[in-house]
1. Just name the residue that is surrounded by the most Cβ atoms within 10 Å (Cβ to Cβ) out of those in region 78-100 that are within 33 Å of the chain's Cα centre (by Cα) and among the basic types (Lys, Arg).
2. Give Thr321, Thr357, Thr328 a once-over and let me know the one that is farther than 18 Å from Gly234 by Cβ, open to solvent by 60 Å² or more (accessible area, probe 1.4 Å) and out of contact with any strand residue (DSSP E or B) (no Cβ under 6 Å at 6 or more places or on another chain).
3. Do you know which residues across region 356-394 are in contact with a helix residue (DSSP H, G or I) (Cβ under 7 Å, 6 or more places away or on another chain), under 27 Å from Gln287 (Cα atoms) and of a type in the set (Lys, Arg)?
4. Regarding Lys45, is this residue open to solvent by 40 Å² or more (accessible area, probe 1.4 Å), closer than 30 Å to Glu219 by Cβ and of a type in the set (Lys, Arg)?
5. Could you list, in sequence order, all residues of region 195-239 that are open to solvent by less than 60 Å² (accessible area, probe 1.4 Å), within 14 Å of Leu259 (Cα to Cα), without any contact (Cβ under 8 Å) to a residue 60 or more places away in the chain and outside any helix (DSSP H, G or I)?
6. If we scan region 379-388, do we find a residue that is under 22 Å from Leu258 (Cα atoms), within 28 Å of the chain's Cα centre (by Cα) and in contact (Cβ under 8 Å) with a residue 12 or more places away in the chain?
7. Given the conditions (1) open to solvent by 50 Å² or more (accessible area, probe 1.4 Å); (2) touching a helix residue (DSSP H, G or I) at 6+ places or on another chain (Cβ under 9 Å), which single one is not true for Leu132?
8. How about region 293-315: which of its residues are open to solvent by 20 Å² or more (accessible area, probe 1.4 Å) and more than 17 Å from Gln330 (Cα to Cα)?
Amino acid sequence: MGKIGIYGGTFNPPHAGHMAAAQQAISLLKLDKLLIIPDGQPPHKDMPEGTPPAELRLELTRLASTGLAKAEVLDVEAIRPGKSYTADTLAALHRRYPEDNLYLIMGTDMLMSFPQWHNPAGICAMATLAVLLREERDPKVQDTLQAQAQIIRKKLGGKVKLLKNNALPMSSTDVRRMLVFRAQGQMVAPAVLEIIQREGLYGVNRNRRGLSMEELEREVKALLDPKRIPHVLGCRDTAAKLARQYGADVTDAARAGLLHDITKALPPELQLQLCRAYGIPLDAFGQENPKTLHALTGAWVAREIFGENQAVFRAIESHTTGCAGMDTLQKIIYIADYMEPNRDFPGVERLRQAAQTDLDRAVCMGLEMTVDTLRQQGRRVARDSLQAIAWLKQ
């Protein structure tokens, strides 16, 4: 009796994180074979605009898994019309491997949604759920995952194995963003990247320089976390309004407002990868606090990918920390980001009132509020913020 792993997903595109997770599953479960099965049409989510057809994703997945021992890519879902249900695929594989133990490989997000899947009890009757856990330092998250596993065991009769995944977490969404930013590095195999570039998949060959405001908004929305879109649009509108009031270039203000968080969705390790790809120099603060780097990387993406001018570059670069010698546009983007209509925190109304009559005072207030919060939390304060406050007060 052997051990067969089943690893499904959209593989949109297949990337190094997928292959690392596959290798982890093979090693940790001591699998005799791992079946990698790209979805045709997943039932639980809509595929992003521009997704390659299932047959092409299947080809890319085969190329990505070349050299992965004990792995085989199957087309059972890619060639099936309609939605791809795990229970149906698993039933077919159960008939093919009746004497073997089947392990359904999944991530933590899939574990949490599993009871809402099509026929979860049937899946549990045919396979053990093998969950690759990302490193979670928060005990509450660990407790939640353990509790969910226990619910599946008790209510669905499932067998659940929680496996420690040491592979670097990487999402297909982030890979698509990094492809657009031309900073994918080793995230996709060279053979996969060659086809992506040759076929222009995921918009990699699209010229994003000199876009109209409407075109820019459409491109930006596609690269943001959807939850951040209202904030970005609010920042754009607030920045344009302040630019009209204080005599800055309204177009530059609106474009900087749209682009200021363009890399915000990327995790810290990919912020650092962007810096390496673009040759962005980092000071000690940036190296120690990669979560703050989206202002810096966003400025470079705005210039290198979208062709924005130096005024927009500077405004995005300083929008989280400020800096000494800020020009009017820099001040506007800083305070627009802080007080746009979707912001709701103690003191935001005071900031809005100050910005109506005194831009410098509003910026200084925002900087001081940030510094006070960081110090209360015992966190390091950016030198640029302290220098900006001193400069504004002079």
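1. Arg80
2. Details: Thr321 fails: open to solvent by 60 Å² or more (accessible area, probe 1.4 Å); Thr328 fails: open to solvent by 60 Å² or more (accessible area, probe 1.4 Å).
Just a single option satisfies the conditions, and that option is Thr357.
3. Arg380, Arg383
4. Yes.
5. Those that are open to solvent by less than 60 Å² (accessible area, probe 1.4 Å), within 14 Å of Leu259 (Cα to Cα), without any contact (Cβ under 8 Å) to a residue 60 or more places away in the chain and outside any helix (DSSP H, G or I): Ser212, Leu224.
6. No - not one qualifying residue is present in region 379-388.
7. Unmet for Leu132, out of (1) open to solvent by 50 Å² or more (accessible area, probe 1.4 Å); (2) touching a helix residue (DSSP H, G or I) at 6+ places or on another chain (Cβ under 9 Å): (1).
8. The answer is Glu304, Gly307.
The values are calculated or read from the model by the stated rules, or taken from the named source; none is laboratory data. All of these numbers come straight from a predicted model, not from anything done at the bench. Neighbour counts are summed over all protein chains in view; Cβ atoms, including those assigned to glycine, are modelled from backbone coordinates with ideal geometry. When the accessible area is computed, the model is the full protein with side chains, heavy atoms only, and any ligands, DNA or RNA have been set aside. Shrake-Rupley method; radii C 1.70, N 1.55, O 1.52, S 1.80 Å.
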